[in-house]
Amino acid sequence: MNIYYGKVKLRALEPEDMEPLRATVNDPEMEKMVVGWSFPISKQQQADWYARSMNNQNSHRFAIEFEGKFVGISTLTDIDWKNRSAFHGVKLTQDAPKGQGIGFDAVVAVMKYAFEELQLNRLYGGILEYNVPSQKLYAKCGWVEEGRYRQCVFKENAYYDEIPVAILRSEYFEWKKLKGIQ
């Protein structure tokens with residue numbers, strides 16, 4: 001089942017998405033903006049990751065499609081089926097069109113799927129203190145800052161704070177009603 005909201009479609013990742021995804025993961029500018037990190041990824045490592053990912057029932061990764069083109073990935077990972085929670089993240093490729101609301105539409109699509117189809121109760125994520133665009137995106141989507149993990153992420157020879165963010169199922173439905181979202 002594909003997931004739609006606004007101008008985006010979230011669909012299953014396909015092998016042909018792996019090269020643009022690998023380029024995104026290997027992009028130093030992208031690396032600076034995300035909480036996690038990775039070593040440079042080879043084509044074989046990317047193919048191996050894809051094979052492992054497709055069989056993990058506690059993590060779902062969706063290709064973000066805009067105007068028929070792969071432009072990024074949206075995730076629900078570390079799904080805790082008992083406590084009904086999951087980690088969520090979005091990565092857009094460097095060539096994804098800017099100012100089109102792709103990130104917003106992708107986050108809303110995932111929330112809609114997580115809360116209305118999977119019946120999860122909580123989505124959470126982490127944002128670097130200097131990643132202001134992500135902070136604004138998630139605030140616009142109704143997410144709440146839950147504190148601050150001080151100096152827990154090391155990037156470019158310095159430590160930075162991580163801002164944990166989350167949205168509850170009840171908050172999602174209040175936000176959706178307030179925004180007039182179907």
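Quick notes
- Count of the range 50-66 residues, restricted to those that are without any contact (Cβ under 8 Å) to a residue 40 or more places away in the chain and hydroxyl-bearing (Ser, Thr, Tyr), is 2.
- Yes/no for Glu129 being of a type outside the set (A, V, I, L, M) and farther than 23 Å from Trp175 by Cβ: yes
- Residue check, Arg22 among the basic types (Lys, Arg) and open to solvent by less than 70 Å² (accessible area, probe 1.4 Å): yes
- The residues on offer are Val108, Val35, and the sole one that is in contact (Cβ under 8 Å) with a residue 60 or more places away in the chain, β-branched (Val, Ile, Thr), in a helix (DSSP H, G or I) and open to solvent by less than 60 Å² (accessible area, probe 1.4 Å) is Val108.
- Selection of the range 66-100 for residues being over 22 Å from Ala23 (Cα atoms) and over 14 Å from the mean Cα position of the chain (by Cα) yields Asp80, Trp81, Lys82, Asn83, Arg84, Ser85.
- The residues listed here are Gly125, Gly103; of these, the one that is touching a residue at least 12 places away in the same chain (Cβ under 8 Å), assigned to a strand (DSSP E or B) and buried (at least 20 other Cβ atoms within 10 Å of the Cβ) is Gly125.
- One residue stands out among those in the range 1-19 that are assigned to a loop (DSSP other than H, G, I, E, B) and either modelled with pLDDT under 95 or of a type outside the set (Lys, Arg) (or both): the one that is least open to solvent (accessible area, probe 1.4 Å), which is Leu13.
- Cβ-Cβ distances below 9 Å connect the following pairs, each with a first residue in the range 128-152 that is touching a residue at least 60 places away in the same chain (Cβ under 8 Å), a second residue that is open to solvent by 40 Å² or more (accessible area, probe 1.4 Å) and assigned to a loop (DSSP other than H, G, I, E, B), and a separation of six or more residues or different chains: Leu128/Val35; Asn131/Val35.
- Scanning the range 67-119 for residues that are of a type in the set (A, V, I, L, M), closer than 17 Å to Tyr138 by Cβ and out of contact with any Asp or Glu (no Cβ under 7 Å at 6 or more places or on another chain) turns up Ile73, Leu76, Val90, Leu92, Ile102, Ala106, Val107, Val108, Ala109, Val110, Met111, Ala114.
- Restricting the range 141-182 to residues that are β-branched (Val, Ile, Thr) and part of a strand (DSSP E or B), the residue that is nearest to Ala109 (Cα to Cα): Ile167
So that you can scan it fast, the table gives a plain yes or no per residue for (1) surrounded by 12 or more Cβ atoms within 10 Å (Cβ to Cβ); (2) β-branched (Val, Ile, Thr):
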site: Asn58; (1), (2): no, no
site: Phe62; (1), (2): yes, no
site: Thr77; (1), (2): yes, yes
site: Asp80; (1), (2): yes, no
site: Ala86; (1), (2): yes, no
site: Thr93; (1), (2): yes, yes
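- Of the residues making up the range 137-151, those that are open to solvent by less than 60 Å² (accessible area, probe 1.4 Å) and aromatic (Phe, Trp, Tyr) are Tyr138, Trp143.
- Failed item in (1) part of a helix (DSSP H, G or I); (2) in contact with a Pro (Cβ under 7 Å, 6 or more places away or on another chain), with Glu29 passing the rest: (2)
The values are calculated or read from the model by the stated rules, or taken from the named source; none is laboratory data. Everything numeric here is computed off the predicted structure, so don't read it as measured data. For neighbour counting, all protein chains shown are included, and Cβ atoms are generated from backbone atoms with ideal geometry for every residue, glycine included. Each accessible area value is taken on the protein alone, full model and side chains, heavy atoms only, with ligands, DNA and RNA left out. Shrake-Rupley method; radii C 1.70, N 1.55, O 1.52, S 1.80 Å.
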